[in-house]
Amino acid sequence: MRSAISLFFAGLFTFALLASCAQARVGYVWPLTKRFGLSGIFGEYRWARLHTGVDLKTATVTGLRVRAIEDGVIYRLSVRYRGYGKALYIRHPNGLISVYGHLEEFENRRLGLEDIVSAKRKETGEKYPGDIFVSVQVRKGQLIGYSGETGYGLPHLHFELRRGETEPINPLSIFKQEDSSAPVIRRLIIRPLGPDSFAEGRHDDLVIWLKKASGIYRSNKAPKVSGKFLILANAFDTIDADNHCGVHKIALWLDNELIYSMCFDKLHYGSSSYRAGLVFDHRYAYFPPSSYVYKLHNRYGVADPWIVACKGRGILDLSGEPGLHTLTVKAWDDAGNCSTATAQVNSARQRPRQTRPQAVFLTRDHSRQSPLVQVWDDFAEVWVPIPRTATPEVARAVLLTANASSGQRLRLEPVERCIGWLSAIIPVDGRLSGPITISIGSAAQNNAIAPRTLASAVQIVPKAGGVLQMNGLRAEFPADALYSDQVFKVIRVRTQALPGVPIVSQLVRKFLPEGVPLDKEVFVSFKCPVRMPQQDVVRCGLYEYNSKTSKWKYRGNVREEDGSIGYGVRYLSTFGLLVDRASPKIELVKPKPGARLRRRGNRLVARIIDVGSGIDYRTVVATIDGVEIDADYDPDRKLLKGKFNLGRTRGAHRLLITASDKAGNPAKPLEATFR
């Protein structure tokens with residue numbers, strides 16, 4: 001009996017010991033006192049960069065208590081207009097760093113953090129003084145601040161874990177999120193690679209839409225493929241809510257052989273965190289709203305921390321293996337839920353479809369002085385018009401030569417794809433660089449084809465860097481901004497201008513191919529017209545056009561000595577030179593004019609809207625009886641918010657709000673009187 005009792009207590013002690021060890025091993029508390037779910041996870045698409053933390057929902061409100069996840073030392077506060085807004089950094093005894101972003105305010109009663117910020121503001125004269133280095137001890141679960149919406153985005157808490165200063169890790173590797181729903185896989189995309197590769201007879205991307213049947217996402221089609229190709233997948237996770245979050249892990253198999261796998265457990269600041277274009281395809285992915293299209297390949301052979309397995313850089317080649325082959329894609333979320341998608345492809349030799357160039361490029365008499373060009377990632381196809389009456393012998397005798405500005409020449413092999421047009425491939429293999437012109441001639445003795453040189457249609461930018469100039473646009477590529485030599489075409493596009501923000505000389509240009517990934521910023525610029533009034537020159541800026549939302553976004557206005565205006569960008573899309581002549585508008589929301597105010601604790605809310613370059617926060621000033629109000633402008637909500645007290649003076653009180661946009665246009669000052 002004693003033996004049984006002893007065994008019982010020994011087992012109980014062992015269980016308690018294991019439980020305490022498990023608790024010590026976990027050793028963290030959730031940053032918020034209550035869980036509302038997640039709106040963003042680690043490794044998601046954020047335009048040019050990858051998300052380095054998780055976004056905690058705060059039920060669309062601010063002011064929730066934020067606590068330290070473990071004992072540690074607050075060593076850094078950050079106060080910025082954009083980015084993380086008000087952020088707090090804690091270094092823990094095990095070497096991890098926890099980061100809490102978009103706070104409404106820091107804890108001040110016990111920690112005195114807001115007093116430290118106030119002192120720094122007085123010292124620097126800056127409302128947003130940036131980094132403030134401190135040393136404040138905190139305990140696990142201790143209140144350190146309140147959630148907010150400072151910086152970028154609506155109310156939420158951005159939370160990060162880092163190993164040291166430069167390696168963010170996935171917080172959900174430590175904290176577990178309840179989630180019973182598996183990821184959704186909507187479509188697969190086949191991308192032919194190279195001039196000898198086709199999907200259904202075309203070089204363009206082929207989209208395979210999927211439907212869920214018997215728990216698996218499937219397609220009932222088996223498209224023909226030939227040559228080399230890449231696979232992309234559109235996948236997302238709902239996390240048991242109305243979300244479109246990214247996935248934790250995604251992998252590709254071909255006929256049950258693992259080809260590529262990536263998992264988002266860690267990143268690295270300064271390199272991999274800005275390589276979103278290697279994980280997601282800029283042509284399809286966007287944020288917000290969220291849409292994630294993953295590249296299931298490592299085409300450029302870049303060593304990045306998310307790559308788990310990779311065979312042959314993920315480039316598939318079924319040449320010599322005719323017949324049906326099965327593609328399988330699996331996606332996992334952070335809770336371990338898994339979804340599977342399958343689709344078949346039919347490997348068969350193909351010829352390009354006998355199609356003519358897009359009609360939009362054709363002139364009425366088919367006589368052009370510049371060739372028509374379609375560009376892909378690693379080659380271009382040039383279309384040259386010939387007389388419709390030309391015989392097959394005359395067409396076969398046509399000579400085409402690609403001429404680079406550096407003096408390089410390359411004989412092309414034309415093919416008559418349709419009546420009146422020849423096509424030829426311009427390779428991107430190091431033999432040509434710079435602007436490319438096309439010389440046309442004939443080997444036939446009757447000289448049926450008049451020899452001439454057609455204007456530059458494309459430009460090949462080497463990986464070593466260079467300057468692209470085409471159709472009024474200039475792009476400066478530093479060395480290693482591109483992952484390989486790249487052919488570009490810049491076309492003119494027509495878009496709707498903003499009210500009061502006209503497009504300068506119809507200078508709107510689009511980069512082709514779309515979605516080329518960059519590892520460094522590229523400076524894109526336009527030259528202002530010589531006769532433009534000086535007051536318009538200073539209001540000009542580089543804007544980016546989002547074709548998915550049909551909206552313009554101001555990028556910047558760095559002025560060059562030659563009169564060009566541009567800005568550094570992290571991805572290439574559609575850009576325009578616009579002049580902002582529209583002044584902002586200010587509207588008082590609270591308190592209403594003529595309202596009776598309290599001595600203390602009055603709230604100020606004003607709406608400040610600008611349709612062009614956006615509000616310059618440094619020009620936003622609100623005063624009551626000549627005393628400045630501590631107020632912040634939120635560009636996401638277009639609201640100025642603050643609190644103010646009244647002096648002991650009785651009678652009328654005068655409110656004044658002034659603001660200007662980034663182009664220097666002042667708003668009409670708002671004045672209001674209160675009792």
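The values are calculated or read from the model by the stated rules, or taken from the named source; none is laboratory data. A quick note: this is a predicted structure, and the numbers were derived from the prediction, not measured. With ideal geometry, Cβ positions are generated from the backbone for all residues, glycine too; neighbour counts draw on all protein chains shown. All accessible areas refer to the heavy atoms of the entire protein, side chains included, with ligands and DNA or RNA removed. Shrake-Rupley method; radii C 1.70, N 1.55, O 1.52, S 1.80 Å.
One table, with the values for the structure above:
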| quantity | calculated |
| --- | --- |
| Sequence ranges 656-667, 522-533, ranked by mean other-Cβ count within 10 angstrom, highest first | 656-667, 522-533 |
| Cα-centred dipole magnitude for the chain, charges only on beta-carbon of K, R (+1) and D, E (-1), debye, nearest 20 | 1880 debye |
| Average silhouette area of the range 516-618, convex hull of alpha-carbon atoms, in square nanometres | 10.7 nm² |
| Neighbour-limited loop hits for GluC sites (Glu not before Pro), the range 154-259 (at most 16 other Cβ within 10 Å; DSSP other than H, G, I, E, B) | Glu165, Glu178, Glu200 |
| For Asp429, solvent-accessible area (1.4 Å; no DNA, RNA or ligand), Å² | 80 Å² |
| D (Stokes-Einstein, µm²/s), Kirkwood Cα radius, the range 403-487, 1.002 mPa s at 20 °C | 148 µm²/s |
| Listed residue (Leu103, Tyr217, Pro129) projecting farthest to the positive dipole end of the range 97-226, Cβ model | Tyr217 |
| Cα long-axis angle, helix 113-124 against the chain (0 to 90 degrees, to the nearest 10) | 60 degrees |
| Relative contact order of the chain, pairs being alpha-carbon contacts under 8 Å that are 6 or more residues apart, as % | 8 percent |
| Rg in Å to one decimal, and Dmax rounded to a whole Å, for the range 271-339 via C-alpha atoms | 14.6, 43 |
| Rg/Rg_globular for the range 405-553, with Rg_globular taken as 2.2 N^0.38 Å and Rg from C-alpha atoms | 1.29 |
| Cα gyration tensor, the range 206-349 - rounded (a/c under 1.5), prolate or oblate | oblate |
| The range 161-265 - percent relative contact order, Cα under 8 Å, separation 6 or more | 26 percent |
| Residue-normalised accessible area of the range 134-213, given per residue in Å² at a 1.4 Å probe | 42 Å² |
| Using alpha-carbon coordinates, inclination of helix 2-26 to the longest axis of the chain, degrees | 60 degrees |
| The range 552-609 - Kirkwood radius from inverse mean 1/r over Cα pairs (Å) | 15.9 Å |
| Average Cα contact separation per residue, the range 551-647, under 8 Å, 6 or more apart, as relative contact order % | 25 percent |
| Flagged links, alpha-carbon separation over 25 Å, of Lys590/Lys638; Lys140/Lys176; Lys120/Lys266; Lys295/Lys489 | Lys120/Lys266 |
| For the range 284-337 versus the range 257-271, the gap between their alpha-carbon centres in whole angstrom | 11 Å |
| Over the chain, equivalent-ellipsoid semi-axes from the Cα gyration tensor in Å | 52, 39, 20 |
| Accessible area per residue in Å² at 1.4 Å probe, computed on the range 420-506 | 43 Å² |
| Kirkwood Rh in Å, taken over the range 160-240 so that all alpha-carbon pairs contribute | 15.8 Å |
| Whole-percent carbon and sulfur share, accessible surface of the chain, 1.4 Å | 50 percent |
| Trypsin sites (Lys or Arg not before Pro) restricted to the range 160-203 and DSSP loop, no more than 15 other C-beta within 10 Å | Lys176 |
| Charge dipole magnitude, Cβ of K and R +1, D and E -1 - the range 486-602, Cα centre, debye nearest 20 | 960 debye |
| At q = 0.16 Å⁻¹, base-10 log of I(q)/I(0) for the range 196-277 (Debye sum, equal scatterers on each alpha carbon) | -0.93 |
